[in-house]
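A quick write-up on the structure given underneath.
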Amino acid sequence: FGSSPNAPRWQFEGFRVHCDVSSAMVDHATAKYLQDNVGDVLSKALSEMAVQQPADAVNFLSSWLHAHAEQEEAKAWEEKEAKELEEERAKTQRREEEKQVRRQSIAGEEKRREDAYQVFLGRLQDLDTKFEDKIWAQLVDGATKATAASSGYLAIAEEELDGLEGPHLCYTHSTPGSEWMLDSMLPKDVGVTWKVLVENPQEEQWLEEGTYYWKPPSEREALPPPADDDEEAPPRPTLKYYPVFVECVTDIKEVHYFDMTRLGAYLALPLVYTSYYTLEALEDALAFEKEKKEKEEAAPAAVDPEKERKDRLKKTIKEGGKRG
């Protein structure tokens, strides 16, 4: 294609393009580069041109190469799109698999929580259960898991403490990692926790700032109308004590922090029961049992009238037999 006798010379032989390059101007590596990059394309172009034999061979070759470049570009774009689509499908499949694993994990965790709750509930309903220290620890652990909380605590309301004025909540049990709470005490009317120990809170107390009582669904749903128009609607069932729930503690100024401000929700549950598990009540119970035992030991044996009658009858029969 060149007029210079030393220029590279292209030969068309058997629909193959060979590049003969002068060793004085082009080394073997350059010739290999040309053969590898344009040799096959020019072979196809020249083969097509040999078949059609256009009048303007240069324009034909230019147009053919341009169309070939567009086709190769479109092919590369399609291959790129197909590869990206395949990668996106693989990512979607992985995401779905991860979601399925998470759903199974959540379902498994919920089942474990429910099983633990039922086991613990069975212990509470068992009359032989002794309320030892481990029972309260299990209560804190179970309640924390059931509510998916990050930590949980159990406190007892002490009316009097040496050196302190007024009632305090003394924390006795906590989940692992929150043992520092066991050294903490909450004075009366500080924070929102004391609200759970208000018995039968009145309607106006629900509206007070800093009161965040939680009502069960049975108290939030509308009551069915009475069957008879003259009949009064049945009273709505209510709790004696209500939980306190704060959805976001940083939004409520009444929330008390023992060390630093923390994020998240807060739930306080009342646990009010009648018990003699106090030192004074235990001492009174022991004194009562001791006094009862002493009275039983000091009292004369009780006489059974029926037994006494039978004994007299036996004695009379025996004496009559001797006389006869």
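With protein chains left intact and a 1.4 Å probe, residues in the stretch 22-87 average 76 Å² of accessible area per residue. Taking label points 7 Å from Cα along the Cα-to-Cβ direction, Thr250 and Thr274 give a separation of 4.6 nm. Length gained on full extension, Ser178 to Asn59, computed as 0.36 nm times the residue gap minus the Cα-Cα distance: 34.4 nm. Amide H contacts for Ser184 (H built 1.01 Å from N in the peptide plane; partners 5 or more residues away or on another chain; cut-off under 5 Å): Tyr171.
For the full complex of protein chains and a 1.4 angstrom probe, list Ser105, Ser184 by accessible area with the highest value first.
Details: Ser105 70, Ser184 20 Å².
Highest to lowest solvent-accessible surface, that is Ser105, Ser184.
Rg/Rh for the stretch 80-155 stands at 1.36; both radii use Cα atoms, and Rh follows the Kirkwood definition. Only protein heavy atoms count here; on that basis, with a 1.4 Å probe, Glu98 has an accessible area of about 100 Å².
In this structure, the residue pairs whose Cα-Cα separation is over 19 Å, taken from Lys195/Lys240; Lys134/Lys215; Lys188/Lys215; Lys188/Lys253; Lys195/Lys253, are Lys134/Lys215; Lys188/Lys215. With R₀ fixed at 51 Å, the C-beta to C-beta distance from Lys295 to Arg103 puts the FRET efficiency at about 0.15. With the simple spin-label model, which puts each label point 7 Å out from Cα in the Cβ direction, the Ser150 to Ala69 separation comes to 6.1 nm.
Computed 3J(HN,Hα) for the stretch 63-71, one whole-Hz value per residue from the Karplus formula 6.51 cos²θ - 1.76 cosθ + 1.60 where θ = phi - 60°, is 5, 5, 5, 5, 5, 4, 5, 5, 5, glycine and proline marked x. Residue order by solvent-accessible surface for His28, His173 is His28, His173, largest first, with ligands and nucleic acids left out and a 1.4 Å probe.
Rank these residues by their accessible area, most exposed first, probe 1.4 Å: Val51, Val101.
Values: Val51 110, Val101 90 Å².
Descending order: Val51, Val101.
The values are calculated or read from the model by the stated rules, or taken from the named source; none is laboratory data. What you are looking at is a predicted structure, and each value in this text was computed from that prediction instead of being measured. Cβ atoms come from the backbone with ideal geometry, glycine included; neighbour counts cover every protein chain shown. Ligands, DNA and RNA are stripped out before the accessible areas are found, and what is left, the full protein with its side chains, is counted by its heavy atoms. Shrake-Rupley method; radii C 1.70, N 1.55, O 1.52, S 1.80 Å.
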